[in-house]
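Participant: Supplied in structure tokens, the structure appears directly below.
The values are calculated or read from the model by the stated rules, or taken from the named source; none is laboratory data. None of these values were measured; they are calculated from a predicted model. In this analysis, Cβ positions are derived from the backbone assuming ideal geometry, glycine residues included, and neighbour counts consider all displayed protein chains. Quick note on the areas: whole protein, heavy atoms, side chains included, nothing else; ligands and nucleic acids left out. Shrake-Rupley method; radii C 1.70, N 1.55, O 1.52, S 1.80 Å.
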Amino acid sequence: MARSGSTDVLVVGAGPVGLTLAAELRRAGVSCRIVDRLPARLPYAKAVGVQPRTLELFDRMGLVRDVLDSAVPMRGQLTYENGVALGRIDLVLPPEVPYGFAALPQYETERVLEEHLGRYGTGIERSTELLAFAQDPAGVTSRVRTASGAEEEVRSRFLVGCDGAHSLVRKALGLTFEGGAFPEEYMLADVEVGWGLEPGYGVRSMHRAEDGTVDDLLVCIPLPGKGRYRMSMLVPPELSAARESGPSAGDGVAHGLEGGTAPALSDIQKVLDRLSPEPVTASALRWSSVFRISHRLVDRYGEGRVFVAGDAAHIHPPTGAQGMNTGVQDACNLAWKLALALGDAAHPRLLPSYDAERRPVGEEVVGRTVRHAAEGIQADRSDPETLMLRQAQLLVDYRESPLVTPLARNDGAPLRPGDRAPDCGGLTGAIAAYPVRLFELLRGREHVLLVYGDHPAGDSAADLASAARELSGGRMVTHRVLPADGASPDRTGAPHHLDSRGEFARQYGPGEGAAFAVRPDGHLTACLQPPTVGALKEALGKVFAP
């Protein structure tokens with residue numbers, strides 16, 4: 001068996017989650033290899049919804065423009081029951097949210113991410129399969145089979161399994177994957193239709209029997225291309241992929257594309273004839289399959305130097321397009337923590353915080369999507385605005401994280417440590433003649449300290465900037481945001497912008513003055529009001545090594 005050189009991180013699986021993780025590691029200057037057993041990306045529009053929060057993360061990574069150029073807007077959903085229109089759901093978010101909902105086939109998302117990763121000089125090692133691994137206190141030794149059929153030994157300091165629902169990494173690590181399975185089977189098809197329905201809207205059309213149960217279902221999600229949709233529908237008995245012995249995954253998990261008899265265009269047309277809101281003919285079938293759904297969650301997101309992310313850690317119904325997006329957040333959460341650990345700059349609790357922060361998110365998403373799959377999103381008891389923000393994944397927070405110090409009192413401030421750092425516009429600088437968004441100032445940066453105004457009980461911006469630099473080992477940069485009343489910057493040398501429209505003050509509620517530490521994944525490490533060096537030291541001391 002050939003021995004290869006070492007790398008910092010071995011990423012197993014080159015779907016959207018593995019590619020995001022690899023790209024974020026490379027952006028942070030970490031060496032990594034990414035392997036995938038498939039010879040090429042699959043041409044299936046499996047995950048198609050890209051949530052606003054994911055677009056924010058892609059913005060921070062520097063690739064959101066490529067995604068937007070390839071995607072189409074997802075504006076809402078039209079619902080029909082027994083041929084009668086029940087109404088529509090419009091996907092409307094508050095004006096301060098920079099991105100709306102988008103639809104993009106998974107293989108296109110993977111293409112954009114792969115090209116982005118290639119800019120860092122890293123490519124996918126295809127037709128390369130992980131066979132086994134063993135970890136020790138200093139690293140992980142993995143055995144892989146390469147495209148030539150030869151076996152190779154790879155030494156890495158960390159290993160991350162982004163290898164899907166049937167993850168070898170998860171199984172070899174001994175993680176449990178508890179949950180259940182839905183008895184129904186579905187057909188998936190990528191087709192074109194020429195109906196006159198409003199573009200940008202998904203379609204959910206169902207037939208409800210006399211006993212109140214839904215016995216026929218059609219769900220259509222718009223894709224790039226004229227009249228193109230990914231459609232899912234119940235499987236007729238003659239196309240069932242069910243097997244008495246269950247799927248051959250080795251762990252009894254029934255999830256994903258099952259293979260077997262692929263539905264033909266005529267099978268799709270029969271469902272459209274029954275359930276389409278208007279007479280329509282399907283054409284240009286690109287691919288089709290039968291799939292099943294289960295809902296499962298690991299008992300922990302890692303052990304020692306080995307972690308799992310994405311479908312390897314959580315699988316659930318595709319309702320609301322939560323799966324891939326949750327996995328991308330897993331990757332962004334883990335990447336910056338691995339980077340600090342590899343630089344010997346991480347507090348001992350930093351890597352364990354990946355499980356502490358992300359497993360509760362996975363648990364909530366699994367539970368919510370199971371409820372929505374059974375009852376419909378319309379049955380959600382949340383108010384419409386909260387429901388929409390949650391679907392957009394903008395309400396994910398880490399307030400219970402071991403990395404944050406909870407505020408001593410709830411004084412009505414809009415933000416808490418662990419919250420998502422919101423965007424705001426109208427920031428004007430001393431040179432550029434145009435206003436910019438806060439996210440533009442954060443793009444491509446790692447740890448950022450935002451200092452607003454001058455609190456009479458706080459320390460100076462210069463002292464805060466100096467402390468941030470020292471406590472982070474030079475990894476945190478400071479940016480000043482000044483009130484629009486003309487307050488002048490001090491001599492910190494830090495870049496500064498005026499809050500010319502007061503949007504920062506409204507979103508962050510900084511009062512007379514405050515400081516906000518923003519992590520690389522766009523969440524707040526600390527909200528300091530008043531901003532003092534002592535409070536900053538306590539907050540950063542939970543993240544960075546002493």
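Participant: Skip the ligands, DNA and RNA, and give the accessible area per residue of the stretch 490-546 with a 1.4 Å probe, whole Å².
Facilitator: Details: 2220 Å² over 57 residues.
Computed with neighbouring chains in place, this is 39 Å² per residue.
Participant: Then there is this: With all protein chains present, calculate the accessible area of Glu96 using a 1.4 Å probe and round the result to the nearest 10 Å².
Facilitator: 80 Å²
Participant: Another question, if that's okay. If Lys and Arg each add +1 and Asp and Glu each add -1, what is the summed charge of the other residues whose beta carbon sits under 13 Å from the beta carbon of Val154? Please report the intermediate quantities before stating the final value.
Facilitator: Details: positive: Arg3, Arg33, Arg143, Arg145, Arg155, Arg157; negative: Asp8, Glu125, Glu129, Glu151, Glu152, Glu153.
With Lys, Arg at +1 and Asp, Glu at -1, the neighbours total 0.
Participant: Can you give me the relative contact order of the stretch 411-546 as a percent, contacts being Cα pairs under 8 Å and 6 or more apart?
Facilitator: Rounded, it is 33 percent for the stretch 411-546.
Participant: Ok, one more. Rounded to the nearest 20 debye, what is the charge dipole size of the chain about its Cα centre when +1 sits on each Lys and Arg Cβ and -1 on each Asp and Glu Cβ? Intermediate values should be presented prior to the final figure.
Facilitator: On the way: 58 positive and 69 negative charges, 229 e Å.
It works out to roughly 1100 debye.
Participant: When the Karplus curve 6.51 cos²θ - 1.76 cosθ + 1.60 is applied with θ = phi - 60°, which whole-Hz ³J(HN,Hα) does each residue of the stretch 108-114 get, with x for Gly and Pro?
Facilitator: 6, 4, 5, 4, 4, 5, 5
Participant: Output the relative contact order of the stretch 36-183, whole-number percent, from Cα pairs under 8 angstrom with separation of 6+ residues. Kindly include the intermediate steps, with their values, before the conclusion.
Facilitator: Details: 181 pairs, mean separation 31.9, N = 148.
Once divided by the residue count of the stretch 36-183, the mean separation gives 22 percent.
Participant: So what is the accessible area of the stretch 41-193 per residue, in Å², with the probe set to 1.4 Å? Can you show the working numbers first?
Facilitator: Values: 6160 Å² over 153 residues.
Using a 1.4 Å probe on heavy atoms only, each residue of the stretch 41-193 averages 40 Å².
Participant: I've got another one for you. Could you look at the chain and say what percent of its accessible area is carbon and sulfur, using a 1.4 Å probe and all protein chains?
Facilitator: On the way: 11260 of 22300 Å².
On the chain, the fraction of accessible area on carbon and sulfur atoms equals 50 percent.
Participant: Express the Stokes-Einstein translational diffusion coefficient of the stretch 109-247 in µm² s⁻¹, to the nearest whole number, given a Kirkwood radius over alpha-carbon pairs, 25 °C and a viscosity of 0.890 mPa s. Intermediate results must be reported in sequence, preceding the final value.
Facilitator: Working: Rh = 20.0 Å.
The diffusion coefficient I find is 122 µm²/s.
Participant: Averaged per residue, what accessible area in Å² does the stretch 266-424 show with a 1.4 Å probe, protein chains only? Please list the in-between numbers first.
Facilitator: Values: 6100 Å² over 159 residues.
Per residue, the stretch 266-424 has an accessible area of 38 Å².
Participant: Something else about it: Restricting things to alpha carbons, tell me how big the stretch 1-83 is in terms of Rg and Dmax, in Å.
Facilitator: Computed over the Cα atoms of the stretch 1-83, radius of gyration and Dmax are 17.6, 63 Å.
Participant: Additional query: How large is the convex hull of the C-alpha atoms of the chain per residue, in Å³? Each step should come with its number before you reach the end.
Facilitator: On the way: hull volume 87.1 nm³, N = 546.
Roughly 159 Å³ of hull volume per residue.
Participant: Another question about this same structure. Equivalent ellipsoid semi-axes for the stretch 412-546, as square roots of 5 times the alpha carbon gyration tensor eigenvalues: give them largest first, rounded to whole Å. Don't skip to the end; give the middle numbers.
Facilitator: Numbers: eigenvalues 88, 48, 45 Å².
Calculated on Cα positions only, the semi-axes equal 21, 15, 15 Å.
Participant: Also: Taking the Cα centre of the stretch 1-140 as origin, sum charge times position over the Cβ atoms of Lys and Arg (+1) and Asp and Glu (-1), and report the length of that vector in debye to the nearest 20.
Facilitator: Once rounded to the nearest 20, the dipole reads 180 debye.
Participant: Normalising by the residue count of the stretch 1-89, find the relative contact order in percent from Cα pairs under 8 Å and 6+ residues apart. Present the calculation step by step, with values, prior to reporting the outcome.
Facilitator: Details: 61 pairs, mean separation 15.8, N = 89.
Over the stretch 1-89, the number comes to 18 percent.
Participant: Something else now. Treating only the Cα positions of the stretch 54-121 as identical point scatterers, give the base-10 log of I(q)/I(0) from the Debye formula at each q in 0.15, 0.20, 0.26, 0.28 Å⁻¹.
Facilitator: Once normalised to I(0) and log-transformed, intensities are -0.61, -0.86, -1.16, -1.25.
Participant: Rg/Rh for the stretch 31-74: what does it come to with C-alpha atoms and Rh from Kirkwood? Could the numbers behind the result be given before it?
Facilitator: Numbers: Rg = 13.2 Å, Rh = 12.8 Å.
A ratio of 1.04.
Participant: Antiparallel as a % of all DSSP beta bridges within the chain, to the nearest 5? Don't jump to the answer; show the numbers that get you there.
Facilitator: Values: 75 of 109 bridges.
Within the chain, antiparallel bridges account for around 70 percent of the total.
Participant: Can you list the residues, at least 5 places off or on another chain, whose amide H is less than 5 Å from the amide H of Asp216, using H built in the peptide plane?
Facilitator: The answer is His207.
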